[in-house]
Amino acid sequence: MIPIGGLGTRLYPLTVDTSKPMVRFLNNFLIDFTLSELAYRGINEVFLGVSGFYNYRDVYDHLGERFRIKIEGENKIIKIRYQPNEDSIGNAHSVKIMVDYYDISDDVLIIQGDTVASINVNNLYKYHQSSEAFMTIVLKEITDPEKLKQFGVAKVDENMKIENFIEKPSNPKELPSRLVNTGIYVLSKDFVKFLKSSEFNEMLKQGKGDFGKDVIPYLISKKYKVMGYVSNGYWFDVGTLDSFMEASYYLLNNIEKERLDVETTYKNVYMQGKSKRSKNDHIELIEKIATNKVEFEGKNLIGRHVKIGENVKMFSSVVDNYTVIKGENEIRNSIIMDRSLIENGAIIEKSIIGRHVKIGENAKIINSHLGNNVIIGDETQIINSSIWPHRTIESKSIISDKKII
């Protein structure tokens, strides 16, 4: 089950007009990346805890009731089910609504809708069963003290039973561990019964329906067996713009090219697309690289039907489908989403450019985030700023340290 609720405000401006699971991620949709990981791990059925009209509409219109992916030459299909149109007050409540509606009584794997992770489901489930846990929480070791401040840090005993969590600690040096709650859980059959019980219904009446904030502290206080399982795989909470970019670059540099739907590689450039037209685009780009008409450094991901003009310099960036980059441009450590148009001479650095955006000639976008369908005029500078969707910024404007809503 994947709870998908909330407005995704930490990802604004990308989610102002888009459901968080439907944000473009590595030239695909975020929800597709999560589902593909589950498919690779043997999951055949997923329940989506969609909350609100936009979350439901955007996800259902994209996925329908099947997710299809080719794994090792074979078509894999995940059956998709949705939360009925009932308001929830937290991710645990969302799960309750679905187990009630679909009459589920099995063990359940929970992963959050803004989580990107490598999950060894078999090992996790074997551990859960062998420990006879009421609930198993996947933990991840975090060494960066500043990042530790963002999460709940687990205190565990010698058997990995969780004694409590310290939420968003102000002084990481005094913590009992560096293991944080990833939001990935295995719920036992008894836990599923608990969700259907009068005990949990009483919690809901008090407005307590969130796993991390309400349910887990309650279970620990009541001496339920809540176990910790330490994951050695990658894990990112991509609910913020910084973590979204961090996850994108990590995966680009570390996972197999097949997982990125990469069809052609040349030096440090990964190219997507299998059609005859895409193959011709790949040949054209390779010829430009080989003749020094364009320059790439670091690893770069180029989507389908992307056109890149001459004298373009690109460093460790992601360019989504149907984007046109005219020429004389410099793009560094940036993500450009699909169907965008970058006019001649533009410079983009450490920025996220939303879908269907137009960047004018000789514009500079530095350390900024642009929502969908934004138009940036010629010779405009956007520095350390955010631009909400569907906004037009006049030519020769200078916007610094601002939020244009």
*Can you pull out the residues in segment 70-88 that are out of contact with any helix residue (DSSP H, G or I) (no Cβ under 7 Å at 6 or more places or on another chain), within 30 Å of L204 (Cα to Cα) and either at pLDDT 90 or above or in a strand (DSSP E or B) (or both)?*
K79, R81, N85
*Quick one: would you say D144 is of a type in the set (D, E), farther than 22 Å from D214 by Cα and either at pLDDT 90 or above or open to solvent by less than 20 Å² (accessible area, probe 1.4 Å) (or both)?*
no
*asked:* Looking at (1) open to solvent by 20 Å² or more (accessible area, probe 1.4 Å); (2) within 23 Å of Y250 (Cβ to Cβ); (3) touching a residue at least 40 places away in the same chain (Cβ under 8 Å); (4) not aromatic (F, W, Y), which one does H390 not meet, given that it meets all the others?
replied: (2)
*Hits in segment 341-360 - residues which are open to solvent by 60 Å² or more (accessible area, probe 1.4 Å), farther than 18 Å from V294 by Cα and part of a loop (DSSP other than H, G, I, E, B)*: K350, R355, H356
*All but one of (1) more than 17 Å from N164 (Cβ to Cβ); (2) in contact (Cβ under 8 Å) with a residue 40 or more places away in the chain; (3) over 14 Å from the mean Cα position of the chain (by Cα) hold for G228; which doesn't?*
(1)
*Filter result for the condition that a residue is touching a residue at least 60 places away in the same chain (Cβ under 8 Å), of a type in the set (F, W, Y), surrounded by fewer than 23 Cβ atoms within 10 Å (Cβ to Cβ) and not in a loop (DSSP other than H, G, I, E, B), over F33, F67*: F33
*Taking segment 223-245 as the region of interest, how many residues are in a helix (DSSP H, G or I) and surrounded by 14 or more Cβ atoms within 10 Å (Cβ to Cβ)?*
4
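Could you check segment 199-222 and list, in sequence order, the residues that are without any contact (Cβ under 8 Å) to a residue 40 or more places away in the chain and crowded, with 17+ Cβ neighbours inside 10 Å?
Of everything in segment 199-222, just one residue is without any contact (Cβ under 8 Å) to a residue 40 or more places away in the chain and crowded, with 17+ Cβ neighbours inside 10 Å, namely M203.
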*Within segment 361-405, can you find the residues that are among the small types (G, A, S), touching a Pro at 6+ places or on another chain (Cβ under 8 Å) and outside any strand (DSSP E or B)?*
G371
_Odd one out for V50, checked against (1) of a type in the set (A, V, I, L, M); (2) modelled with pLDDT of 95 or more; (3) surrounded by 23 or more Cβ atoms within 10 Å (Cβ to Cβ)_ = (2)
_Residues (aliphatic (A, V, I, L, M) and over 18 Å from the mean Cα position of the chain (by Cα)) located in segment 27-64_ = I43
*Counted residues, segment 165-193 - those being part of a helix (DSSP H, G or I) and surrounded by 22 or more Cβ atoms within 10 Å (Cβ to Cβ)*: 1
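Within segment 100-158, can you find the residues that are in a helix (DSSP H, G or I), under 22 Å from R41 (Cα atoms) and of a type outside the set (A, V, I, L, M)?
Passing the criteria: N122, N123, Y125, K126, Y127, H128, Q129, S130.
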*If you scan segment 270-293, which residues turn out to be in a helix (DSSP H, G or I), buried (at least 16 other Cβ atoms within 10 Å of the Cβ) and not small (G, A, S)?*
D281, H282, L285, I286, K288, I289
*Output the residue which, of all residues in segment 305-316 that are in a loop (DSSP other than H, G, I, E, B) and within 16 Å of I335 (Cβ to Cβ), is least open to solvent (accessible area, probe 1.4 Å).*
V306
*Candidate set from segment 329-340 (those that are touching a Lys or Arg at 6+ places or on another chain (Cβ under 9 Å) and closer than 18 Å to K364 by Cβ); member that is most open to solvent (accessible area, probe 1.4 Å)*: R332
*asked:* The conditions are (1) in contact with a helix residue (DSSP H, G or I) (Cβ under 8 Å, 6 or more places away or on another chain); (2) surrounded by fewer than 17 Cβ atoms within 10 Å (Cβ to Cβ); (3) part of a helix (DSSP H, G or I), and D61 fails exactly one of them. Which is it?
replied: (1)
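Inside segment 77-115, can you point out the residues that are among the basic types (K, R) and either without any contact (Cβ under 8 Å) to a residue 12 or more places away in the chain or surrounded by 18 or more Cβ atoms within 10 Å (Cβ to Cβ) (or both)?
Once the filter is applied, which keeps residues that are among the basic types (K, R) and either without any contact (Cβ under 8 Å) to a residue 12 or more places away in the chain or surrounded by 18 or more Cβ atoms within 10 Å (Cβ to Cβ) (or both), segment 77-115 yields only K96.
The values are calculated or read from the model by the stated rules, or taken from the named source; none is laboratory data. Keep in mind it's a predicted model, so treat the numbers as computed, not measured. Glycine gets a Cβ as well: all are built from the backbone with ideal geometry, and neighbour counts include every protein chain shown. Quick note on the areas: whole protein, heavy atoms, side chains included, nothing else; ligands and nucleic acids left out. Shrake-Rupley method; radii C 1.70, N 1.55, O 1.52, S 1.80 Å.
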